[in-house]
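Input: a single structure, listed below in structure tokens.
The values are calculated or read from the model by the stated rules, or taken from the named source; none is laboratory data. Just so you know, these numbers come straight off a predicted model, no measurement behind them. With ligands, DNA and RNA removed, areas are computed over all heavy atoms of the protein, side chains included. Shrake-Rupley method; radii C 1.70, N 1.55, O 1.52, S 1.80 Å.
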Amino acid sequence: ERAGILKGNKFVELIEYTPEGPRPMPCGIVTDRNYESRNLLGLFAIGDASSLKGAGGLPGAAVSGAIAGMYTAGNVSKTGKAKIDENQVEQLKKYTFAPIKRQDGVEPDHVILALQEAIHPYYVGIIRHEKRLKKALEEVERIKNNLVPLLHAYDSHYLMSANEARNMVLCAEMLLRSALERKESRLGRIRQDYRDLDNINWLKYIHLKQRNGKMKVWAEDVPIEKYKLKPKREKVLHPFWKRVQELGYLSNVE
């Protein structure tokens, strides 16, 4: 309003929109308080790579790195020689180098563009709804099943891009499946069909794991009984939707 962009609760000039304010924390490997993976003992994850969040940014990474480093050193001193599964190494090698072995196929940029068109629209990535999330997931699955197997690399640089594109498709599927699982609005995860911030039913972590070649998704309760400061068990309209309601825009996003 001070810049003259908003007048009378209406935009009078075109501007680029970027969602800000409370941000959803990035996902990561599920770890214990020592930053060791629950599922793969001996694997430590720190900073944004871990689901255990302390202070954000560099301070959080530094603190978690110091803690994990201490426990990693202790583990190494007790661990014997690692046994390498040569068959697994060979399979991973074939998987990684498959795009450069092909004579032709789909370029990485084509896959990345298709992926961006599926998940980047504001009505998928910002204002979410089950119908739109499912439609986006169908498109991501089409990309995964029909385009990713045809990824082609001309050289080592394209090979890097091909594997990055493959990983981006996997991450997009994880994002959409977890977004569908959480049936509420919380922080930057805004659901048009579930507008309440629900501390009665949704003080939960969303977990994803590959099982028998498929992605399993489930929710686990946040152990708030261990917290010194416990959130209220209440269900209220998310601040975003409250502000939309105050501005009289609610009917425009039905």
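Table for the structure above
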| item | result |
| --- | --- |
| Within a Gaussian network of the chain (alpha carbon springs, distance under 10 Å), most fluctuating of 124, 111, 63 | 63 |
| Restraint check, 144/242; 204/228; 183/230; 10/235; 134/216; 134/214, Cα-Cα greater than 26 Å | 144/242; 10/235 |
| Of all accessible heavy-atom area on the chain, the percent that carbon and sulfur account for (1.4 Å) | 56 |
| Inverse of mean 1/r across different Cα pairs in the stretch 1-158, Kirkwood, Å | 20.6 |
| Kirkwood-based shape ratio for the stretch 126-251, expressed as Rg/Rh from alpha carbons | 1.09 |
| The stretch 189-254: mean projected area of Cα convex hull, nm² | 6.5 |
| Reachable aspartates and glutamates, given that their alpha-carbon falls under 12 Å from the alpha-carbon of residue 131 and they are not under 8 places away in the same chain | 193 |
| Selected from 198, 155, 85 as most flexible by GNM, with the chain as the system and alpha-carbon contacts under 10 Å | 85 |
| Accessible area of the stretch 157-254 divided out per residue, in Å², using a probe of 1.4 angstrom | 64 |
